[in-house]
1. Please work out which one of (1) among the charged types (D, E, K, R); (2) modelled with pLDDT under 90; (3) under 21 Å from E135 (Cβ atoms) is the condition D37 fails and give its number.
2. Looking at A46, A14 in this structure, which one is free of Cβ contacts under 8 Å to residues at least 40 places away in the same chain, hydrophobic (A, V, I, L, M, F, W, C) and under 30 Å from E129 (Cβ atoms)?
3. Do you know which residues across region 53-95 are surrounded by fewer than 13 Cβ atoms within 10 Å (Cβ to Cβ), modelled with pLDDT of 90 or more and acidic (D, E)?
4. Can you confirm whether G45 is at pLDDT 85 or above and under 22 Å from the mean Cα position of the chain (by Cα)?
5. Please go through region 42-80 and give me each residue that is touching a Cys at 6+ places or on another chain (Cβ under 7 Å) and in a loop (DSSP other than H, G, I, E, B), ordered by number.
6. What is the number of the single condition among (1) of a type in the set (G, A, S); (2) over 19 Å from I22 (Cβ atoms); (3) at pLDDT below 90 that S126 does not meet?
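The values are calculated or read from the model by the stated rules, or taken from the named source; none is laboratory data. Since this is a predicted model, take the numbers as computed values, not measurements. Every residue, glycine among them, receives a Cβ derived from its backbone with ideal geometry; neighbour counts consider all protein chains shown.
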Amino acid sequence: MPNADRINDTMIDASPTKDFFISMLVKDIPLIRAVIDLVDNSIDGARRIRDDKNYDGLWINLELSQDRFKIADNCGGIPLEVAQKYAFRFGRPSDAPQTEYSVGQFGVGMKRAIFKFGNRFKVISSHPEAYFLIEEKISD
C-alpha cells in the first residue's frame, strides 16, 4: 500500500456526539422500565440501611403528570462519596462499592432514566453524611 504511512499518521475522530449517545442509551427502554430502574435504586437504598430486612416505615412515592416525573423515598439517600465518584458516571467502575443483593449491575439505570424522561433533572439526596442537590439541563 503506497499511502499506508500517511494513513497511520492521520488522526480519526470516532467519538460519538452527545445526541447520538443519549439516543442509543434510551432507544430500547420503555418509559415504565425507566421508572422501575429508579424504584430499584430506592430498594437498594432500603437494603443498605436495613440489614435486618425489616422495611417498616420506609416508603417510595411516585408522582407523574404530563410535564413532570418525581420519585421520592426515605431509603437513606446517596452517600456523598458514591455520588462524587460513581452515581453519575456511565457504567460501573470495577472499584465501585457493591450493594449486596443489588438489582442494578451496570451503573446505567439512573442515567438512562434521566435521559428518557426529558431534558432537565434534579437529584436531591439527604444521607446521614451529607445533603446535596444537583440540577442540570441536558439539552443545549
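1. For D37, the exception is condition (2).
2. Only one candidate qualifies: A46.
3. D56, E63
4. Answer is yes for this residue.
5. Across region 42-80, the qualifying residue is only L58.
6. (3)
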